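These notes are about the structure you will find just below.
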Amino acid sequence: AIPRRKELIGKFKKREGKLKRMWPVALILLAAVLYFVQREYRINAEVVNMEGIDQIAVLEFDNNTGDSLYNITGKMAVDWILHGITQYKVGQVISPEIINDYSKSLQKASVIPILTKYLKPSKIIKGEFFLNNDRLLFNCSITDDIMSKTLISLNPVECESNSPLICIEELKQRILGYLTENEKSQNLQEKPPKYEAYQYLLKAKKEQYKNDTEHLRLLDMAIASDSTYFEPKTYKFVHYYNSGDYIVADSLLQELLVSTESNNRQRNLYKFYEALLFGKSKNAYRYYQKEYNFEPLDMEINSTMMTIALQLANNPGVVDSIFRKIDMKAMDVKECNYCEDRYYIKALADIELKKYKEATDLLGKFGMELGQYKLKKILVRAHNKMGNSATADSLLSNIQITSKPHEWMELFLFNARDLLVQDKKAKASIYLDKIIDAIDQS
């Protein structure tokens with residue numbers, strides 16, 4: 001299986017007129033990577049139109065064994081089915097994580113309204129598993145878009161309780177057999193990884209960005225348990241890449257090449273990492289896009305695609321179409337992990353395209369609210385670009401009153417830098433002086 005990832009979007013900085021933007025280039029169902037890029041050209045790439053392709057939701061499998069230790073079994077079943085659908089190009093996938101993200105952002109909305117009103121899959125896969133003596137039994141069915149009609153109930157799949165992957169692989173093949181008439185699919189692996197290795201990987205994922213030592217130890221345990229397991233090797237590469245240890249990352253990339261199977265997805269992921277490591281931005285964009293097109297409704301994936309389009313491909317013109325893939329009208333930004341970042345990158349793209357009015361309309365509602373200082377920065381920038389300096393000044397004055405010193409100082413400094421870029425030195429000095437005065441008085 002390929003990992004889900006839930007990392008935070010980073011920040012980006014501009015220095016002395018050179019564009020150096022830092023943002024995680026998150027790979028679909030793979031760990032995020034940070035990538036510094038300085039571009040002076042535009043990649044004329046477009047996001048592929050995937051209209052007409054089925055969207056298939058896979059719900060969490062109910063663990064009816066009465067033993068929480070089998071929760072991992074349910075998660076692995078979902079992962080394996082999702083990746084089979086994606087690899088086999090049966091349709092765009094909607095995972096339980098996507099549904100949970102929407103539920104949180106929509107103030108704990110229940111599954112059915114999320115599916116029927118927002119995500120709108122054409123088919124929904126749901127299942128359960130339980131123990132019969134020492135054997136696991138899996139039941140699974142595929143329903144229509146509103147779960148009112150069962151399209152097929154698959155025959156139960158049975159296996160030894162200590163060999164759940166046998167059941168999971170058989171179940172996946174039966175599902176794909178219903179969804180398509182083609183031959184057997186290809187996953188990231190030619191065969192499922194050893195169950196022990198998968199367990200180590202799940203534990204390693206929980207430690208990512210929390211405890212580096214434990215994260216690496218668990219990855220090594222997963223690799224030692226199953227030397228053919230491709231996924232933990234990619235996580236290890238990502239760790240050293242994020243840490244800036246490019247010599248080790250390059251060495252691990254070569255190991256990935258050696259262990260890459262004759263598998264289209266593994267080759268694509270390897271090429272993506274290689275393009276990132278060696279600064280081949282056009283290629284990285286293209287390889288990532290292949291993955292994105294099968295899960296555009298995932299907020300993190302969608303946000304990352306927006307980021308790559310603007311900052312890696314320097315192509316702000318495609319950001320709007322990616323942004324509009326997800327309906328943001330009912331989203332609660334404070335409860336949504338990626339909503340703020342989506343507004344942020346969308347507004348930046350509008351400013352790059354000189355669509356200043358669109359940027360201010362998009363971010364205007366955040367101007368007088370507490371928090372969302374990242375969005376306030378870009379809102380002020382858009383007003384200054386439009387020539388609405390009085391509005392920008394009013395916003396900043398309100399922020400100074402309602403915010404903590406370090407918060408308004410950061411915004412004032414950001415604004416002063418923007419003004420200096422526009423050669424408005426006198427105006428910039430006003431905000432810089434306010435920062436200096438506040439520091440002197442503290």
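Points to keep in mind about this one:
- For the stretch 332-351, the criterion of being out of contact with any Leu (no Cβ under 7 Å at 6 or more places or on another chain), surrounded by 14 or more Cβ atoms within 10 Å (Cβ to Cβ) and more than 27 Å from residue 310 (Cβ to Cβ) is met by no residue.
- Flag set for residue 320, criterion: more than 19 Å from residue 97 (Cβ to Cβ), acidic (Asp, Glu) and open to solvent by 10 Å² or more (accessible area, probe 1.4 Å).
Listed here are the residues, each with its yes/no results for (1) modelled with pLDDT under 85; (2) in contact with a helix residue (DSSP H, G or I) (Cβ under 6 Å, 6 or more places away or on another chain).
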{"position": "180", "(1), (2)": "yes, no"}
{"position": "185", "(1), (2)": "yes, yes"}
{"position": "203", "(1), (2)": "no, yes"}
{"position": "208", "(1), (2)": "yes, yes"}
{"position": "216", "(1), (2)": "no, no"}
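- The set of residues in the stretch 237-254 being outside any loop (DSSP other than H, G, I, E, B), within 24 Å of the chain's Cα centre (by Cα) and polar (S, T, N, Q) consists of 242 alone.
- Restricting attention to the stretch 359-413, the residues that are open to solvent by 50 Å² or more (accessible area, probe 1.4 Å) and β-branched (Val, Ile, Thr) add up to 3.
Yes or no, residue by residue, for (1) surrounded by fewer than 15 Cβ atoms within 10 Å (Cβ to Cβ); (2) in a loop (DSSP other than H, G, I, E, B); (3) over 19 Å from the mean Cα position of the chain (by Cα); (4) not β-branched (Val, Ile, Thr):
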{"residue": "85", "(1), (2), (3), (4)": "no, no, no, no"}
{"residue": "90", "(1), (2), (3), (4)": "no, yes, yes, no"}
{"residue": "117", "(1), (2), (3), (4)": "yes, no, yes, yes"}
{"residue": "121", "(1), (2), (3), (4)": "no, yes, yes, yes"}
{"residue": "130", "(1), (2), (3), (4)": "no, no, yes, yes"}
{"residue": "155", "(1), (2), (3), (4)": "yes, yes, yes, yes"}
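Yes/no per residue for (1) of a type in the set (S, T, N, Q); (2) over 18 Å from the mean Cα position of the chain (by Cα):
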position: 229; (1), (2): no, yes
position: 235; (1), (2): no, no
position: 256; (1), (2): no, yes
position: 260; (1), (2): yes, yes
position: 271; (1), (2): no, yes
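- The listed residue being in a helix (DSSP H, G or I), of a type outside the set (S, T, N, Q) and more than 20 Å from residue 363 (Cβ to Cβ), out of 399, 378, 435: 435
- Within the stretch 137-153, considering residues that are among the hydroxyl-bearing types (Ser, Thr, Tyr) and under 30 Å from the mean Cα position of the chain (by Cα), the one least open to solvent (accessible area, probe 1.4 Å): 143
- Of the helices (runs of 4 or more DSSP H) contained entirely in the stretch 273-336, those carrying at least 2 residues that are within 20 Å of residue 355 (Cα to Cα) fall at 299-307, 319-323.
The values are calculated or read from the model by the stated rules, or taken from the named source; none is laboratory data. Computed from a predicted model, the values in this text were never measured in an experiment. Methodologically, a virtual Cβ is constructed for each residue, glycine included, from the backbone with ideal geometry; neighbour enumeration extends over all protein chains shown. To get the accessible areas, we keep the full protein, side chains included, count just its heavy atoms, and leave off ligands, DNA and RNA. Shrake-Rupley method; radii C 1.70, N 1.55, O 1.52, S 1.80 Å.
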